[in-house]
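Student: Have a look at this one.
The values are calculated or read from the model by the stated rules, or taken from the named source; none is laboratory data. All figures in this text were calculated on a predicted structure; none of them were measured in a lab. Cβ sites come from the backbone with ideal geometry, for glycine too, and all protein chains shown count toward neighbours. Side chains included, ligands, DNA and RNA excluded: accessible areas come from the protein's heavy atoms. Shrake-Rupley method; radii C 1.70, N 1.55, O 1.52, S 1.80 Å.
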Amino acid sequence: MSSVGSSRQDEDIDLAQLFRAVWQRKGRILAATALAAGLAFVAANAISPRYKGETRILIEVREPNFMGQGANSADLQPLLDELNIASQVQVLRSVDLIKQVARDLKLYEREEFDPVASPSAVDELLVLVGLKKNPLERAPEDRVVDTFLEKLSVYQVERSRVIAVAFTSKDPELAAAIPNAMVDVYLSLQRGAKLDSNSQAARWLEPEIANLREKVKEAEQKVADYRAAHDIVQTTENDTFSGQQLNDISAELARVRSEMADAEAKAENVRAALAAGRPADMIDAVASNATIQRLKESEAGIRAQISELSITLLDGHPRIKALRAQVAGLRQQIASEAAYVAASLENDAGVARLREKQLVAKLNMLKADYAQADSNQVGLHELEREAAAQRQLLETYLARYREATTRLESAASPADARVISKASEPIEPDFPKVIPITIVAALAVLVLCVVVVMLTELFSGRAFKPANGGGPDGSRDRERPPEREPDAYEEPRTARPRRDLPANLLSVAPDRALTAEMEEALDLPPAPVPAVAAAVVEDKDEFSIESVASYLMASGVRTALAISPTGDDGSTATVMLAREIAEGGRQVVLIDMTGSGCPTTLMASRKDLPGITDLLSGTAAFGDTIHPDRLSSAHIVPKGTSDVRRAMRGADRLSMITDALAEAYDLVIVECGPANAEGVARLTRSHPYEIILSAPRPDMKDLAAIMDEFEKVGYADLVLMTAGGLQGRGERERSAA
């Protein structure tokens, strides 16, 4: 964080100072924390406890397992999406369901659900004068529903099909009974809706089925009449008699043509063999003839005899000649038989050709008949489709009707939801949680107090330190002495009365304060005269800077006005007083209202810094006029650079400025230089100040005269401060020179 004001851009936040400020006020912070914790504990215990019960249900499609084997139950289930679940949530919050639960549990008799039934005297008065509408004009059930909805919470469990029904009540038993009753009524309504749907479906299907039966009968009768009128004989499901005949003739024609081709081929083969002189018995068509086979067997037997006789007889023997003559006869018979076979094959081929002609003629006739039957079949198919559609619709209605009638019982129509968690009577209240509320309240007040203290330190400028760790001249600031317990300091902080300032005083446009050059406007004397105190004691240490500092810290003075009759000597003593108080662990700021600007010269890093005159003239922000002392932890509001007469127009704001500074500092010292009593009186007429008479070298005779002047304007008690005791405390170190 940057430092306060343009002159503090080379400064950092002093964290140690922030913690010291918090620790210094630890007593008040802990007291406020304890007070907040106690109040929160008492308030939480004073609140009537409320109990919460919750029931959870799972939304799913539930169907009885009595469907036909061909039906796929998974395909029949509707898809449950987010909209379905959200719709069921609204059903659970419906007014009709709530009224049913209220009637079942007799909630109308409970004051918790109808508190306006017994209005207070104030409510009756407001109704009487017309400032409030009479709540009794509404129906009792409407009032109960409104209260019921305020206590009810129905929501979908995230990323699931589970719905939670929660209810809060002063009665723990009722907090558990109402969610369970709501779920029971919801499931009953779901089952009832299904029963109504099935009953309505069955009543609607009965006349529809009777009507469809008549339509199916009429459609099937039309099909039969059409077939009779057009002579359509149905042989199979997809064929007629003419079609069947056409198929048979086509098959027979193919067979005959095959036989004719085979016979012609065989006959041509036999004729070619005979014409070529080849043995005809080697042809398959001839060799397969039974007669030729017997002749060849006889030939084989005779040739066997010739072979046997040739062993003993010569070729010219009559026996051998006879046998060879028989063989020649058999060969002639085989040849003639082969010619007969060839003629027979040619005859078969001719018969096949005649058969082919007949079949072709028959086929052409059947084709014409089939073409006519096919055109008639178109009309028949149309009638059959109509009859089939009516029949299928009838079968569908019959199946639905049977299914609807089987679900007319409540057990056959379960609700599309089931309870997975029932509410039980709670033991601990849901609200208020006494311990958490107490802890949170205590922590909140503790943090708030710490933040307020830190912000006060930051806005006052006391929580800043030079970035390089030393003053402008390169010397390091002296370490502060250990903090003393502010027992004698904390209590009297409000001993001096102060005007309450607006809360936004430090945030408004730049405030304006009095400059040191106001002396002329205040009729200050041009030459200061030594003054004396009203009462003088021989012990000078009683009026030393240390004694005055101790008195101011112990008495809890918040604002003090220092008068220096001897001029800069007194102002120098006032500067040393501020540093002495700062060394004592107090936060102190000095406002330089002297004509010479002596405090500014001694404490500020430069003389041209914005100060009290700039603040009064409105040319500088409040935070820009506060600067650190170069030799201590005190702060200085310098003389400033603005015109004195212009600044004097805002002289009445001095009390506002000192009050604002007193909220952030322990002590505000206004150094006025050698001012007279009347000028001081006008300056402080609206605000009480502690008057310090800073006279390092007092003259007994003149001090009495000064005391008389101040007593005349209302200041009877003055604090005399001399320079005594400086040498004993290290004058050189703390000197402003």
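Student: Assuming a viscosity of 1.306 mPa s and a temperature of 10 °C, what translational diffusion coefficient in µm² per second does Stokes-Einstein assign to segment 556-709, Rh being the Kirkwood radius over Cα pairs?
Tutor: 103 µm²/s
Student: Around R161, with a cut-off of 12 angstrom between Cβ atoms, what is the net charge of the other residues, counting Lys and Arg +1 and Asp and Glu -1?
Tutor: Local net charge: -2.
Student: Roughly how much of Y340 is accessible, in Å² to the nearest 10, using a 1.4 Å probe?
Tutor: Its accessible surface works out to 150 Å², give or take rounding.
Student: Per residue, what accessible area does segment 588-704 have, given a 1.4 Å probe and all protein chains present, in Å²?
Tutor: Using a 1.4 Å probe on heavy atoms only, each residue of segment 588-704 averages 32 Å².
Student: Now a separate question. For segment 295-392, give the percent of accessible area contributed by carbon and sulfur heavy atoms, probe 1.4 Å, rounded to a whole number.
Tutor: On the way: 3430 of 6290 Å².
Result for segment 295-392: 54 percent of the exposed heavy-atom area is carbon or sulfur.
Student: Lys/Arg Cβ at +1, Asp/Glu Cβ at -1, dipole of segment 320-406 taken about the Cα centre: which of A325, A404, M365 is farthest positive-ward?
Tutor: Of the listed residues, the answer is A325.
Student: Checking the table K222/K362; K52/K106; K52/K99; K99/K170 against a 22 Å threshold on Cα-Cα, which pairs fail?
Tutor: K222/K362
Student: Here is a further query. So what does log10 I(q)/I(0) come out to for segment 636-721 at q = 0.12, 0.16, 0.18 Å⁻¹, using the Debye formula with one equal point on every Cα and no solvent?
Tutor: Once normalised to I(0) and log-transformed, intensities are -0.43, -0.75, -0.93.
Student: Taking H as built 1.01 Å from N, whose amide H comes closer than 5 Å to the amide H of F464, not counting residues under 5 places away?
Tutor: Amide H neighbours of F464, under 5 Å, 5+ apart: D14.
Student: Shifting gears a bit: How would you classify segment 16-63 from its alpha-carbon gyration tensor, with a ≥ b ≥ c the square roots of the eigenvalues: rounded for a/c under 1.5, else prolate if a/b is greater than b/c, otherwise oblate?
Tutor: Cα axes put segment 16-63 in the oblate bin.
Student: For segment 608-656, what is the convex hull volume of the alpha-carbon atoms per residue, in Å³?
Tutor: Looking at segment 608-656, the number lands at 73 Å³ per residue.
Student: Show me the ranking of peptides 561-571, 252-262 by mean Cβ neighbours inside 10 Å, starting with the highest. Could you put the intermediate results ahead of the total?
Tutor: Working: 561-571: 24.5, 252-262: 14.9.
Result, highest mean first: 561-571, 252-262.
Student: Roughly speaking, what % of Cα-Cα pairs in segment 298-357 are separated by over 14 Å, rounded to a whole number? Kindly include the intermediate steps, with their values, before the conclusion.
Tutor: Values: 1181 of 1770 pairs.
The proportion of pairs with Cα distances above 14 Å equals 67 percent.
Student: Given a 1.4 angstrom probe, I'd like the percentage of the accessible area of segment 621-665 that is carbon and sulfur, rounded to a whole number.
Tutor: 44 percent
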